[in-house]
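Accompanying notes for the structure given below.
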Amino acid sequence: MFFFALGCGEKVPRTGAYVAVGIVIAFLLGLGAGFLFGRGGVTTVTVPTTVTHTVERTVTFTPPILQQYTSPQPTAPTTATQAQLLQNITLKVAMSTDIRALDIHFAMGVADFEVLGKVYEALFKIAWDGSKLAYVPGLVKSYSQLNETAWLFILRNNVVFHNGKKLTAEDVKYSLLRSIRLSGIGKQLLTDAAGNPIITDIVIANETAFILKLSAPFTPLFENLAHLSTAIMPKEIALKYWDGPITSIEDVIGTGPFRLVSYEKGAKVVLQRFDGYWGNRPNVKTLEYLIMPDASARMSAVISGVVDVAVGISPDMVEALRSQGIEVYRAPGVRLVLVAINCKRVLDVRIRQALNYAVNKEDVVKEFMRGYAEIATSVASPTFPNVVSLKPYTYNVTKARQLLEEAGFVGKKLTLLTSTRSPKDIQLAQVIQQYLKNVGIEVEIVQMEHTAFLKRVFTDHDFDLAIYGPSPSSLYYALTYWRTGASLNGPEYSNPEYDKLLDEIATEPSEVKRVELYRKAQEILWRDAPAIWLYFEDILIAARPGIKGLQVLPFQMLIVDNVYV
Amino acid sequence: MKNLALGASILIILAELLLALLADLIAPYSYEAIDLGNRLSPPSPRHPLGTDPLGRDVFSRLIYAMRITFIIAIPSVLIAALMGAAVGALAAAAKGFTDFVLSRIFDVMYAIPSFFIAIAVLLAMGSSVTGIIIAISISLAPMFFRLGKSIARETLTKPYVEAAKAIGASPIWIAFNYVGRQLLATLTPTAVYMLSTAIALEATFGIIGLSVSPPTPSLGNMISEYKEYIFVAPWLAVAPITVIAVTITTLNTLANELSKRVAVFEK
């Protein structure tokens, strides 16, 4: 436009050209001012600091061992008025990692469960009231205990799969069998220490009723059936992919509020609201996950409005985001960041305890994590039922040195393995290095690509120290990580007394006694210190101010059921 | 004007080398002294380039990073030049089957992008300083081989070489006095140019997490560590990026000026 005006200077009167140029300049100035003031205006917006934890349906949680349970009548299906009010929002979410599986039984990473957790549901589900997690019936309507090792379950009768088929007990049977057969986590959840299946038989009573027969009493049954790795899919699909992962998008069929419509590797996953969903339908019609590994890219995407929500926000970004008018949601996380200590190489428990005393957790949480973390006081997150608060390893250099001296561990060198996937882990490694140097231990940091890292730690057990953070779904599951020979027992910790306690917990019918056993197990593990117990990372999510009703689970999972604009 | 460009670029490179060499004396802080209470502070008189996410002084880290970068880049180029040019000259002198085999080997290496060769070497050897030096020199060697071979072949056909042969000069004497000198003259600008390639390669390794292990800083792993903070603390990434940009530009200018002078000299 500018050039056009100048070029026409010959033909039209000269003043005309000046006026045109003036208009262009005024327009540009206006744009600039609008930009500046617009930003200025946004920065003054004050932003809530915590998540609004609205519980949509009040479901009373009944302890699993009660003889009988019937879930409250589900809230009346979408009434006419609600259907009118239903919004059709397109919600774009920036995710830090790509999904690694289309198959819920092969899901491993946070991203897998974030996406597939919207598509699939399990028999039970995990509810969150803002401070504690609870395991409540999901696809199950009611259950009762027939005897010590048999449970009768009745399914909700209005549940439909995305292909229009009604959910039946047959689907449950084959899904569970497939999960135990194929899913690494499913196997971990539903087999005992010796590797034998906990569920010995699934007897189908009628279309919506089935009996689970167990090899022995198993108290963590419901919490394990709440894990999405035991999610339910149609029988035909389970049988079609009996030996390997689901490969076709058309076969990703669950009962969840969203169905998968497209997946572009490394770029995005698109979900669409499933209108036949049995529960309340969300306002979000299209849910798009964009994969953005770079934290700065996610940050600028949410600021510029390319996405509505960004996950994986680092504590250092919070202030900058808030000053741009972006809301930052915070929830306590279950991910326990720890430095695993190879128990086969560092045999003396005094050395392992000394390492715990040598690290100033208060400072790390306050400064390094900017307070967006909670110092670990047990081996699992306090949001899980039955987690106790244990005596902390308070920062004490003298005590650490003394313990090391007693154990004859002076002037030794250790290697610390970290994965290059997380920049935060590499920084943490350097912080740990400095603390251990203060007590006379030289630490060499070795960075590895993530897959190689996992193999080195969990398969080869070839490391002295390693930084990682398990995200369990329950206290019991968290404890089984450290059982002798468990697949996630990287440091090869082994204590027969501890293993025995886990078996006792699984079979102890009395809740009071079980709580005591849980306490004992946590104390032993904490004392034996197969890791430097550090902190539980808070979950930080950034969202544009227009997005309301977003909720975050401590598993870094978004709940979009109540989102509106 | 020509001398100005040459002088300025030599001055800048010398200054950088001096900074790197005297890092222990110049750096106000240790490059690994973590101070969690003083994270991400902006540039100030105490910390001229601010502090990083672990509260370390960025200026001190930058000087040490330059040192590591030169420690890696200079030997890599020297090894690549010696290896490539020597084998190239040998191929030119031997001709025939030896030439054919050597040329095909380097052709294959030349055909594969140097970056992939380097990554393969690093994955096999681990990311130590030696590993990186070997990776970079292997990826640069084919270039020197080709140049070395063509220069040597051309020199060997020169009348003065024929004359020397006629009066009974030994091949070794010819190799050192004629071929060697010619190689030195022509390859020096190339080596300076390759130095900037080596620095860029090292930076790339750093960015993808294959450079030296932390807490040792290198220009590349500083960028990789600080790029996450581009919105929060922009000064962090700016410092190493500027150093890399200035160094590479200067080296390229220097190589350019040198090659002009060699060309004049040859005429």
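Condition first: open to solvent by 30 Å² or more (accessible area, probe 1.4 Å) and more than 11 Å from chain B (Cβ to nearest Cβ). Can you find one or more residues in segment A:422-429 that meet it? Within segment A:422-429, not a single residue is open to solvent by 30 Å² or more (accessible area, probe 1.4 Å) and more than 11 Å from chain B (Cβ to nearest Cβ).
Restricting attention to segment A:336-370, the residues that are among the basic types (Lys, Arg) and within 26 Å of the chain's Cα centre (by Cα) total 3. Of B:248, B:199, B:174, B:244, which residue is over 14 Å from the mean Cα position of the chain (by Cα), of a type in the set (A, V, I, L, M), more than 22 Å from residue A:425 (Cβ to Cβ) and away from chain A (no Cβ under 14 Å)? Just a single option satisfies the conditions, and that option is B:174. Filter segment B:20-32 down to residues that are open to solvent by 50 Å² or more (accessible area, probe 1.4 Å) and touching a helix residue (DSSP H, G or I) at 6+ places or on another chain (Cβ under 8 Å) and give me whichever is farthest from the other protein chains (Cβ to nearest Cβ). Within segment B:20-32, the match that is farthest from the other protein chains (Cβ to nearest Cβ) is B:21. If I filter segment A:462-479 for residues that are of a type in the set (Phe, Trp, Tyr), open to solvent by less than 20 Å² (accessible area, probe 1.4 Å), part of a loop (DSSP other than H, G, I, E, B) and within 16 Å of residue A:528 (Cβ to Cβ), do I get at least one hit? So far as segment A:462-479 goes, no, none of its residues is of a type in the set (Phe, Trp, Tyr), open to solvent by less than 20 Å² (accessible area, probe 1.4 Å), part of a loop (DSSP other than H, G, I, E, B) and within 16 Å of residue A:528 (Cβ to Cβ).
Here is a yes/no grid of residues against (1) outside the structural domain of residue A:478 (by TED's automatic domain parsing); (2) in contact with a Gly (Cβ under 9 Å, 6 or more places away or on another chain); (3) touching a residue at least 60 places away in the same chain (Cβ under 8 Å); (4) closer than 24 Å to residue A:385 by Cα:
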| site | (1), (2), (3), (4) |
| --- | --- |
| A:145 | yes, no, yes, yes |
| A:158 | yes, no, yes, no |
| A:163 | yes, no, yes, no |
| A:169 | yes, no, no, no |
| A:175 | yes, no, yes, no |
| A:211 | yes, no, yes, no |
| A:219 | yes, no, yes, yes |
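From the list B:7, B:37, the one residue that fits, being within 14 Å of chain A (Cβ to nearest Cβ), assigned to a helix (DSSP H, G or I) and free of Cβ contacts under 8 Å to residues at least 60 places away in the same chain, is B:37.
Inclusion of residue A:501 among residues that are out of contact with any Asp or Glu (no Cβ under 6 Å at 6 or more places or on another chain), without any contact (Cβ under 8 Å) to a residue 24 or more places away in the chain and either in a strand (DSSP E or B) or within 18 Å of residue A:472 (Cβ to Cβ) (or both) is warranted. Among the residues examined, residue A:300 qualifies as assigned to a helix (DSSP H, G or I), open to solvent by 10 Å² or more (accessible area, probe 1.4 Å) and among the small types (Gly, Ala, Ser). Among the residues of segment A:447-457, those identified as surrounded by fewer than 19 Cβ atoms within 10 Å (Cβ to Cβ) and either of a type outside the set (Val, Ile, Thr) or more than 26 Å from the chain's Cα centre (by Cα) (or both) are A:449, A:450, A:452, A:454, A:455, A:456. Which residues, taken from segment A:275-297, are away from chain B (no Cβ under 14 Å), open to solvent by 20 Å² or more (accessible area, probe 1.4 Å) and part of a loop (DSSP other than H, G, I, E, B)? The answer is A:275, A:276, A:277, A:278, A:280, A:281, A:283.
Taking segment A:368-405 as the range and being of a type in the set (A, V, I, L, M, F, W, C), closer than 16 Å to residue A:536 by Cα and outside any loop (DSSP other than H, G, I, E, B) as the test, the residues that pass are A:368, A:373, A:375. Listed here are the helices (runs of 4 or more DSSP H) enclosed by segment A:97-202 that have at least 1 residues being more than 18 Å from the chain's Cα centre (by Cα) and of a type outside the set (Val, Ile, Thr): A:169-182, A:184-190.
Within segment A:313-331, can one find any residue that is at positive phi and not assigned by TED's automatic domain parsing to the domain that holds residue A:160?
Yes; the residues of segment A:313-331 include at least one that is at positive phi and not assigned by TED's automatic domain parsing to the domain that holds residue A:160.
Checking each residue in segment A:504-537 for being crowded, with 22+ Cβ neighbours inside 10 Å and part of a loop (DSSP other than H, G, I, E, B) picks out A:529, A:530. Within segment A:251-271, residues that are among the basic types (Lys, Arg) sit with their Cβ atoms under 7 Å from residues that are part of a strand (DSSP E or B), at 6+ positions apart or across chains, in these pairs: A:259/A:271; A:259/A:272; A:268/A:288; A:268/A:289; A:268/A:290; A:268/A:291.
Considered as a group, the residues in segment B:41-54 that are farther than 25 Å from residue A:444 by Cα and not small (Gly, Ala, Ser) include one that is surrounded by the fewest Cβ atoms within 10 Å (Cβ to Cβ), and that residue is B:45. If you filter segment B:196-213 down to residues that are open to solvent by less than 30 Å² (accessible area, probe 1.4 Å) and assigned to a helix (DSSP H, G or I), you find that the one that is nearest to residue B:226 (Cα to Cα) is B:206. Residues that are in contact with a helix residue (DSSP H, G or I) (Cβ under 6 Å, 6 or more places away or on another chain) and either open to solvent by 20 Å² or more (accessible area, probe 1.4 Å) or in a loop (DSSP other than H, G, I, E, B) (or both) within segment B:55-69 comprise B:55, B:64, B:67, listed in sequence order. Among the residues of segment A:430-444, those identified as within 11 Å of chain B (Cβ to nearest Cβ) and open to solvent by 50 Å² or more (accessible area, probe 1.4 Å) are A:434, A:437, A:438, A:444.
Name the single residue, out of those in segment A:365-413 being within 14 Å of another protein chain (Cβ to nearest Cβ), out of contact with any helix residue (DSSP H, G or I) (no Cβ under 6 Å at 6 or more places or on another chain) and of a type outside the set (D, E, K, R), that is surrounded by the fewest Cβ atoms within 10 Å (Cβ to Cβ). Applying the filter and picking the extreme gives A:371. Restricting attention to segment B:80-122, the residues being free of Cβ contacts under 8 Å to residues at least 60 places away in the same chain, part of a helix (DSSP H, G or I) and of a type in the set (Val, Ile, Thr) number 6.
Just the residues that are open to solvent by 50 Å² or more (accessible area, probe 1.4 Å) and over 17 Å from the mean Cα position of the chain (by Cα), please, taken from segment B:117-132. Of everything in segment B:117-132, those that are open to solvent by 50 Å² or more (accessible area, probe 1.4 Å) and over 17 Å from the mean Cα position of the chain (by Cα) turn out to be B:120, B:123, B:124, B:125.
Per-residue answers, yes or no, for (1) free of Cβ contacts under 8 Å to residues at least 60 places away in the same chain; (2) away from chain A (no Cβ under 11 Å); (3) acidic (Asp, Glu):
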position: B:187; (1), (2), (3): no, yes, no
position: B:193; (1), (2), (3): no, yes, no
position: B:204; (1), (2), (3): no, yes, no
position: B:223; (1), (2), (3): yes, yes, no
position: B:234; (1), (2), (3): yes, no, no
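The values are calculated or read from the model by the stated rules, or taken from the named source; none is laboratory data. Quantities reported herein were computed from a predicted structural model and do not represent experimental measurements. As a convention, Cβ positions derive from the backbone with ideal geometry for all residues, glycine included, and neighbour counts pool all protein chains shown. These area figures cover heavy atoms from the full protein model, side chains too; ligands, DNA and RNA do not enter into them. Shrake-Rupley method; radii C 1.70, N 1.55, O 1.52, S 1.80 Å.
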